[in-house]
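Some notes on the structure that comes next.
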Amino acid sequence: MCPEAAEEPSVFKSRVGLFWLKKTETMQDEKVDGDYGLIINGHSLAFALEKNLRLELLRTACMCQTVICCRVTPLQKAQVVQLVKKYKQAVTLAIGDGANDVSMIKVAHIGVGISGQEGMQAVLSSDFSFAQFRYLQRLLLVHGRWSYIRMCKFLGYFFYKNFTFTLVQFWYAFFCGFSAQTVYEDWFITFYNMVYTALPVLGMCLFDQDVNDRWSLYHPQLYAPGQKNQYFNKKAFVNCVMHSCYSSLILFFIPWASMHDTVRDDGKEIADYQSFALLAQTCLLIVVYTQLCLDTYYWTAVNHFFVWGSMVAYFSITLTMCSNGMFYMFTSSFPFIGTTRNSLNQPNVWLTIFLTFLLCILPVVAFRFIFIQLRPTINDKVRYKMRTEELPVPAPRRLRRRHSTRSGYAFSHSQGYGDLVTSRKFLMKRSTKRAPLFTQTDSSIFQNQPQHYRTIAEEAEESQGHSP
């Protein structure tokens, strides 16, 4: 073999992460023209996992459609998973049913144990467990995909609501002389993430599903975007930041412009710091709740309760904290006395809230509508089929036999008549009639006539008379 062919394949070193730096070594896939398979036993795998040959093993394995490692030790199983996990930068899943699969299950990102006849060691060491191997399809295509989408939605919504909340205060700093004064009321800042926006996003992350389970199994290509990391990446993060910047500009400058030199119905001024803070935080919550509703595909009673309950809780808590009683009991802690009832009873305040809501939500709705019409994703296509077509018929389930039909003979003996006995064919009624016992119709027995018997002497005389 020439020295060039014995060299290790090229490995690209890079840095990954949004906010952190981490050196990674990734081996790129090679283009393969045909369908190949690799079968390797434990003795050969011991040499292939050496330091100078493991990358060549990985490169060869990635060119094959199927790789089978037979007669391997538990340590070798873990080393194979670790090799793919390190140089392919892929999310690995290991599944096993015995104690020899424990090391492999622990090394992989996701460990799945099957509760079978080989003990519970694999189940106790795994992240997920089930009884049959065929349940892996539902675990990946349904629950795994739902979990990935929910986490991506949670991250996007979390960054959006907190960036918008923070950037509004950033724009306010240019108008307060960078005095570190907050644009919101102090109690609103305390309750924003803890009370007002905690339960709605929790409901979305627990119950949301873009496609139901039956359609997810019927279209397994829905799993592909998750493998390509399309739902949340650097591009999605940048889009989230830009969306937050736009929303924060609208949420600050529209209320500020509407309340500048504004008077009440009785001629008194309403352009004060407390009224502006109440208007800004009310617009922020309404826009954040509406954005959550746009991101939610599957609505349940719990989602409705969390969203509407959080909104009712906000107005109730705000009215209570701005009441006269709270001001008299805790004067220094609740200085916004009468701000809520004096501001929310003005028509121009509600018109400002409605205008801010439209300017923040309409561009999002228009962009999504145009994007779906021009470049629909696989999720958009399947959701359209859900609305226009009927649900696919589920595949018939195969019932497991409770009783074995195996013969009782030992394996060292011949099979015998075990199959005939267990088939119970000899107990079944035959549809054909039995053959008649007497086929001669001229017989006296068939004709049910009396029979005459002769003695031995009569038969002897008859035989002598016939003799010559």
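When you count the other C-beta atoms within 10 angstrom of each residue and take the mean per peptide, 286-293, 141-148 line up highest first as 286-293, 141-148. Each peptide among 312-323, 101-112 gets the average number of other Cβ atoms lying within 10 Å of its residues, and from highest to lowest they stand as 101-112, 312-323.
Summarising the amide proton neighbourhood of Val67: residues at separation of 5 or more, or on other chains, whose placed amide H is nearer than 5 Å comprise Leu38. The residues packed around His243, meaning those with a beta-carbon under 13 Å from its beta-carbon, carry a net charge of +2 if Lys and Arg are +1 and Asp and Glu are -1. A cut-off of 5 Å between modelled amide H atoms, ignoring neighbours fewer than 5 places along the same chain, links Ser129 with Gly113.
Note on segment 109-156: with neighbouring protein chains present and a 1.4 Å probe, carbon and sulfur make up 63 percent of its accessible heavy-atom surface. Electrostatic bookkeeping for Ser216 treats Lys and Arg as +1 and Asp and Glu as -1; over the other residues with beta carbon under 14 Å from its beta carbon, the sum is +4.
Taking a ≥ b ≥ c as the square roots of the eigenvalues of the Cα gyration tensor, segment 301-380 is classed as prolate, since a/c reaches at least 1.5 and a/b is larger than b/c.
Summing Lys and Arg as +1 and Asp and Glu as -1 over all other residues whose Cβ lies under 12 Å from the Cβ of Gln121 gives a net charge of -2. Of Lys88/Lys385; Lys86/Lys234; Lys51/Lys153; Lys31/Lys51; Lys85/Lys235; Lys85/Lys234, which pairs sit farther than 30 Å apart, going by alpha carbon to alpha carbon? Over 30 Å Cα-Cα: Lys88/Lys385; Lys51/Lys153.
Accessible area of Arg341 (1.4 Å probe, protein heavy atoms only, ligands and nucleic acids ignored): about 120 Å². Where a ≥ b ≥ c are the square roots of the eigenvalues of the C-alpha gyration tensor, would you call segment 208-255 rounded, which needs a/c under 1.5, or, failing that, prolate if a/b is larger than b/c, or oblate? Here segment 208-255 falls in the oblate category.
The values are calculated or read from the model by the stated rules, or taken from the named source; none is laboratory data. All figures in this text were calculated on a predicted structure; none of them were measured in a lab. Every residue, glycine among them, receives a Cβ derived from its backbone with ideal geometry; neighbour counts consider all protein chains shown. For the accessible areas, the whole protein counts, side chains as well, though only heavy atoms, and no ligand, DNA or RNA atoms are used. Shrake-Rupley method; radii C 1.70, N 1.55, O 1.52, S 1.80 Å.
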